[in-house]
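What follows is a single structure, written as structure tokens, with notes after it.
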Amino acid sequence: MAVTQRRGRRIMMTPGERDAFLAEQRTCRVATVSADGRPHISALWFVWDGMSLWLYSITRSRRWAELGRGSPLAVVVDAGEEYGELRGVELSGTAAFVGEAPRTGEPCPELEEPERLFARKNFGLDEMPHDGRHAWLRLTPDAIVSWDFRKL
């Protein structure tokens, strides 16, 4: 699994806190790197299954192209307005493309659970709607760092 966090142990989330936080949040910031080394950051909806972060990305996006070239990936999910409320999780690693691209709903057992979770969380539906423009990325992180300033 992911590398253990060394700094900030006092404010890091427990695995249960992290999982609950990722289950309740909707939007993450996805960072990739272009061929010339420039960072690219964009917002995206996600779902966490306890092991991997699933991203439903437009296949004609800069993010998709950069990940297709093997760009490293970092994702931040955070919340809070005041300093003492800040909390978040950073996950990093390499993305894997899962299912057909773009996704049209062809049977894919690996996507059954992420699509069920995503449809419920983001659309309030029992089944995932497919628009023929998006496809799935799975980030099984090499490293996870978390913080919860409410613990200070």
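For L22, the criteria (1) more than 13 Å from the chain's Cα centre (by Cα); (2) within 16 Å of V145 (Cβ to Cβ); (3) assigned to a helix (DSSP H, G or I); (4) of a type outside the set (D, E) hold in every case but one, which is (1). The set of residues in region 71-118 being in a helix (DSSP H, G or I) and over 30 Å from I11 (Cα atoms) consists of P109, E110, L111, E112, E113, E115, R116. Exactly one residue among D19, D78, D36 is without any contact (Cβ under 8 Å) to a residue 60 or more places away in the chain and within 17 Å of R138 (Cα to Cα), and that residue is D19. Once region 56-92 is narrowed to residues that are small (G, A, S) and more than 28 Å from G132 (Cβ to Cβ), the residue that is surrounded by the fewest Cβ atoms within 10 Å (Cβ to Cβ) is G84.
Test L53 against the stated conditions and say whether it is surrounded by 17 or more Cβ atoms within 10 Å (Cβ to Cβ), among the aliphatic types (A, V, I, L, M) and over 22 Å from R87 (Cα atoms). In short, no.
Is it the case that some residue within region 40-58 is of a type outside the set (A, V, I, L, M) and over 16 Å from the mean Cα position of the chain (by Cα)? No, the conditions are met nowhere in region 40-58. Does at least one position in region 28-38 carry a residue that is hydrophobic (A, V, I, L, M, F, W, C), part of a strand (DSSP E or B), within 24 Å of P129 (Cα to Cα) and touching a Leu at 6+ places or on another chain (Cβ under 7 Å)? Within region 28-38, one or more residues are hydrophobic (A, V, I, L, M, F, W, C), part of a strand (DSSP E or B), within 24 Å of P129 (Cα to Cα) and touching a Leu at 6+ places or on another chain (Cβ under 7 Å).
Restricting attention to region 125-146, which residues are assigned to a loop (DSSP other than H, G, I, E, B) and either over 11 Å from A101 (Cα atoms) or not basic (K, R) (or both)?
Listed by number, the residues that qualify are L125, D126, E127, M128, P129, H130, D131, G132, T140, P141, D142.
Of the residues in region 125-145, not one is hydroxyl-bearing (S, T, Y) and either touching a Pro at 6+ places or on another chain (Cβ under 7 Å) or farther than 15 Å from L55 by Cβ (or both). Considered as a group, the residues in region 100-152 that are within 22 Å of V30 (Cα to Cα) and of a type in the set (S, T, Y) include one that is surrounded by the most Cβ atoms within 10 Å (Cβ to Cβ), and that residue is S146.
Read the figures in this text as sums done on the coordinates, not as results from a lab. Fair warning: this is a prediction, and the values are worked out from it, not measured in the lab. Note: ideal-geometry Cβ built from the backbone for every residue, glycine included; neighbour counts use all protein chains shown.
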